Amino acid sequence: MASLNVGNLGEYLREQRRAAQLSLRQLADATGVSNPYLSQIERGLRKPSADVLQQVAKALRISAETLYVRAGILDEREREELETRAVILADPSINERQKNVLLQIYDSFRRENGFAPGPDAEADAAAATATATAADDGVNAEAGAETDAGRDAGPPRNGDDAGTGATNDVTEDVTEDQDPHNS
């Protein structure tokens, strides 16, 4: 067999496909890649492009970065850094602003330890910032609408025509010379 040193990749893909209980034909249908081409990849006869590997990874629900490393497209260190970023960005339990903060902290630790931020660091941070800004604007707009509605909902409090008496009451209790945390 005339292998192109991608046998390790092919064996790994075959294992992953079987673990997912997919036939080669089913994987071909899921990826849009031809059945014969996938067979050649699994047998180590073809070296797939990054795009093909990404489609296969998506269909098998595995990390594309792992496939890139096995195919020799990506260095192991880069893969680890990209996977860390991917996990942070994919976490549904934290919002976009929190993801942005985590990525910034991660990059600062990498710089502190002598590693440059990854190739996607700036793009990830910019995307997370844009999304967080949009999300914050939406929250602020909702909060503003609720505040305006609350002001119109009843009579003025404490003689304040603007309906902000509660805020004024709090600021009257705390002066600049007094630290409320050291009481």
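The values are calculated or read from the model by the stated rules, or taken from the named source; none is laboratory data. On a predicted model such as this, the values are computed, not experimentally measured, just so you know. Glycine gets a Cβ as well: all are built from the backbone with ideal geometry, and neighbour counts include every protein chain shown. Heavy atoms of the whole protein, side chains included, go into the accessibility calculation; ligands, DNA and RNA do not. Shrake-Rupley method; radii C 1.70, N 1.55, O 1.52, S 1.80 Å.
Length, then width, then depth: along the principal axes, the Cα atoms of region 1-80 run 33, 29, 20 Å. Stretching E80 away from I105 to a fully extended chain increases their span by 7.4 nm, per 0.36 nm per residue minus the current alpha-carbon distance. Straightening the chain between L22 and Y37 buys 3.8 nm, computed as 0.36 nm per residue apart minus the Cα-Cα spacing. Coupling constants for region 92-106 follow from the phi torsions by the Karplus curve (6.51 cos²θ - 1.76 cosθ + 1.60, θ = phi - 60°), and in residue order they are x, 7, 10, 7, 5, 5, 5, 4, 4, 5, 4, 5, 5, 5, 4 Hz; glycine and proline get x.
Rounded to the nearest whole Hz, the Karplus-based 3J(HN,Hα) values (6.51 cos²θ - 1.76 cosθ + 1.60, θ = phi - 60°) of region 37-45 follow the sequence 5, 4, 4, 5, 5, 4, 8, x, 8, with x at glycine and proline. Modelled this way, with points 7 Å down the Cα-to-C-beta line, the labels at Q54 and A30 are 1.9 nm from one another. In this simple spin-label approximation, Q98 and I62 carry label points 7 Å from Cα along the Cα→Cβ vector, and these lie 3.1 nm apart. Per residue, the accessible area of region 17-68 comes to 56 Å² when a 1.4 Å probe rolls over the protein heavy atoms.
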